[in-house]
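**Q** Quick one: the structure is below, and I'll ask about it shortly.
The values are calculated or read from the model by the stated rules, or taken from the named source; none is laboratory data. Quick caveat, the model's predicted, so the values are computed rather than measured. FYI the Cβ positions are ideal-geometry reconstructions off the backbone, even for glycines, and counts take in every protein chain you see. Surface areas here come from the heavy atoms of the whole protein model, side chains and all, with no ligands, DNA or RNA. Shrake-Rupley method; radii C 1.70, N 1.55, O 1.52, S 1.80 Å.
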Amino acid sequence: MEAPHTQAAETAAAVAVTVDSPERMQDLGRRIAALLRPGDLVLLTGELGAGKTTLTRGLGEGLGVRGAVTSPTFVIARVHPSLVGGPPLVHVDAYRLGGGLDEMEDLDLDVSLPESVVVVEWGDGKVEDLSEDRLHVVIARAVGHEEVLDDVREVSVRGVGARWDAAQLKTLTEPAV
């Protein structure tokens, strides 16, 4: 008999990082990219303007991919091939897609995933079934003394599945060199 599936058993690791500028958000993306390999799925969650595309731009830089990483809102998905022999970056914006994985099937993400790094903005509740191992990145505006701090973001990075462990993600909280 199979053991019951629990969220606690799924979660491998989580870290929180405070980011105080778009440049630091992009740097965090480069640092996350250093942990990624072909087959990785990254889900980005945050309100409009939170920094999801800025983080993805850093991921693209860190992975050494071709092309400007911009929001794929109107084309739904963009593929950025590697310039350095690494995995391509598949950048998806699921904001306008409401139908979950069934609607996402037309994008053939399950075909792209094994050899690519797939990043899905607004993917919560839509693409988790693509991989048991994934990163969930949640970006929230920081609030201090009843005001929103303009450029400051609280970023939570949670690894789900056996692929991720606390030591890997802890490197994201160490000061950049």
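**Q** Take Val84 and tell me if it is open to solvent by less than 40 Å² (accessible area, probe 1.4 Å) and outside any helix (DSSP H, G or I). It would help to see each step written out before you state the result.
**A** Numbers: open to solvent by less than 40 Å² (accessible area, probe 1.4 Å): no; outside any helix (DSSP H, G or I): yes.
The answer is no for Val84.
**Q** With (1) out of contact with any Asp or Glu (no Cβ under 8 Å at 6 or more places or on another chain); (2) at pLDDT 95 or above as the list, and Gly58 as the residue in question, which single condition is left unmet?
**A** (1)
**Q** If you don't mind, another one. In segment 23-44, which residues are open to solvent by 10 Å² or more (accessible area, probe 1.4 Å) and part of a helix (DSSP H, G or I)?
**A** Within segment 23-44, the subset open to solvent by 10 Å² or more (accessible area, probe 1.4 Å) is 23-24, 26-27, 30-31, 34-39.
Scanning segment 23-44 gives Glu23, Arg24, Gln26, Asp27, Arg30, Arg31.
**Q** Out of (1) surrounded by 13 or more Cβ atoms within 10 Å (Cβ to Cβ); (2) modelled with pLDDT of 90 or more, what's the single condition that is false for Glu47?
**A** The failed condition is (1).
**Q** While we're here: For segment 61-81, name all the residues that are at pLDDT below 95, not small (Gly, Ala, Ser) and not in a strand (DSSP E or B).
**A** Across segment 61-81, the qualifying residues are Arg66, Val69, Thr70, Pro72, Thr73, Phe74, Val75, Ile76, Pro81.
**Q** Okay, next question. If I ask for residues that are modelled with pLDDT of 85 or more and at negative phi, which ones from segment 85-101 would you list?
**A** From segment 85-101, those modelled with pLDDT of 85 or more are 85-92; that's our starting set.
Residues satisfying the conditions are Gly86, Pro87, Pro88, Leu89, Val90, His91, Val92.
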